[in-house]
1. Taking the criterion of being open to solvent by 40 Å² or more (accessible area, probe 1.4 Å), within 30 Å of Glu334 (Cα to Cα) and either at pLDDT 95 or above or under 17 Å from the mean Cα position of the chain (by Cα) (or both), would at least one residue in region 269-290 satisfy it?
2. How many residues does region 378-396 hold that are under 23 Å from the mean Cα position of the chain (by Cα) and in contact (Cβ under 8 Å) with a residue 60 or more places away in the chain?
3. Scan region 132-176 for residues that are in a loop (DSSP other than H, G, I, E, B), modelled with pLDDT of 85 or more, more than 21 Å from Lys231 (Cα to Cα) and not small (Gly, Ala, Ser) and report the count.
4. Taking region 1-35 only, how many residues are open to solvent by 30 Å² or more (accessible area, probe 1.4 Å), polar (S, T, N, Q) and farther than 24 Å from Ser178 by Cα?
5. Kindly check whether there is at least one residue in region 334-351 that is open to solvent by 10 Å² or more (accessible area, probe 1.4 Å), aliphatic (A, V, I, L, M) and farther than 24 Å from Ala376 by Cβ.
6. Take Asp95 and tell me if it is at negative phi, in a helix (DSSP H, G or I), open to solvent by less than 20 Å² (accessible area, probe 1.4 Å) and not polar (S, T, N, Q).
7. If you scan region 359-377, which residues turn out to be touching a residue at least 12 places away in the same chain (Cβ under 8 Å) and open to solvent by less than 60 Å² (accessible area, probe 1.4 Å)?
8. Could you check Gly26 against (1) part of a loop (DSSP other than H, G, I, E, B); (2) within 25 Å of the chain's Cα centre (by Cα) and say which number it fails?
Amino acid sequence: MSLVTLGCARNEVDSEELAARLEAGGWTLSDTAGAAVVVVNTCGFIQAAKQESIDELLSAGSGGAKVVAAGCLAQRYGSELADALPEAQVLSFDDYGDIAARLDAVLAGQRWPAHAPGDRRRLLPISPAERRAAAGGRPPGHATVQPDLPPGVAPASGPRVMRRRLDGGVVAPLKIASGCDRRCTFCAIPAFRGAFVSRAPGDLVAEAAWLAAQGVRELFLVSENSTSYGKDLGDLRLLEAVLPQLAGVPGIERVRVSYLQPAELRPGLVEVMSSTPGVAPYFDLSFQHASGRVLRAMRRFGDRERFCVLLDQVRQACPEAGVRSNFIVGFPGETEGDVAELHRFLCDARLDAIGIFGYSDEDGTEAASLPGHLPAEEIARRVEDLADLAEELMAQRAAERAGEVVEVLIEEPLGEGRYGGRAAHQAPEADGTTEVLASGRVTAGDMIKAVVTGADGADLVAEAVGTPGVPGAAPVRPARGARAH
């Protein structure tokens, strides 16, 4: 069988759990070509992602394979998707625990009944404190310690992790929580991902150690809302305690946190993220807009002035901190004045990475019924104007880092003494890369200290301060727990 993953890093974790469960159930992973069954872990976030998922489902069955739809699109639409695409079997998150048996049935020609779509928030109590003892199923990506995995899926001793790596790189996502309790008017994710549920700290540390044993050097902590971590475990400051534990796992060089809500970013968390060795001073802040009027319509916190104060607090704690954010343009009722306010914020904020997205209605969201919808062509115009501005501002911010000493986690050789990697302000697949010029022996997983000498857009060029294996060079830290060169 073959497993195709679409969407975000959270889906990648879910796919690796599915892969481990399937192998434990006797299935063998292979390339899509020639596979008897193809499982597509779909994305259901926005219209473009949904269309990509449907196209992949149709393509997967073109060679005669049986097709199974899993993931967010399948969970969100259930029987509706099954009726629209009779070529595919549709599974819900609740099927993941028995995924091998489900595929056995599919291969035998059985038609598994698709679930009726519903709001998964109703599976758990409203009060976060009551969720640990409640029924409602374990969210995808939360199955950690298992006693009976086959060899190669987990270490020979210690906790056995229900995860099989599908990507052999030195960076891996680690899911710390699932679901969301916020009620943003434009977002459908809480309805199909469910209420917010944290993973236990011990499970996170055990999985981090397992990932380190697989060659991972950077942990990319993912969730729908990382700043809420621990609230259902009785401790809103739990992330502040867990980050140093994860950074201290032998073999782990860097821990990066994603998906931070500005309304929940506490001074203590800023301090820990800014000062803890091994934790990247990287702030992935979900601003979404800068006009207070639009943000209130989105049912979100803040405005331009408050966001600038928050950024000042971050940079006072760590001047070189990296900051990224996404913004929605063309929300119902957005005026030219609101766009001007966002324009002004972007110019003032000095963000390292900026994502600009045009608003589109999502099924079941409050925003879809709001007055003041803008024509599609006007939304496209605003997106283009702000995206052009964002590109210019990101290039300016990268150029400002000239002369700065950065620590770059090397991911691949580029040839002729050049190596590709990422500095602390650059997250996987989103925020640019750093090309390091270095002599001597350098391998993936090494942490190289380098001076920034130039920039190309959001990408940096840097020269190593010292290179492993070069006599007399300044010491550069090889991956902890790995053999020094």
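The values are calculated or read from the model by the stated rules, or taken from the named source; none is laboratory data. What you see is a predicted model, and the numbers here were worked out from it, not measured in a lab. Please note: Cβ atoms are built from the backbone with ideal geometry, for glycine as well, and neighbour counts cover all protein chains shown. Ligands, DNA and RNA are excluded from the accessible area calculation, which covers all protein heavy atoms including side chains. Shrake-Rupley method; radii C 1.70, N 1.55, O 1.52, S 1.80 Å.
1. No, region 269-290 contains no residue that is open to solvent by 40 Å² or more (accessible area, probe 1.4 Å), within 30 Å of Glu334 (Cα to Cα) and either at pLDDT 95 or above or under 17 Å from the mean Cα position of the chain (by Cα) (or both).
2. 2
3. Residues meeting the conditions: 7.
4. 3
5. No, the conditions are met nowhere in region 334-351.
6. yes
7. Tyr359, Ser360, Glu362, Thr365, Ala367, Leu370, Gly372, Leu374
8. Only one criterion in (1) part of a loop (DSSP other than H, G, I, E, B); (2) within 25 Å of the chain's Cα centre (by Cα) is unmet by Gly26, namely (2).
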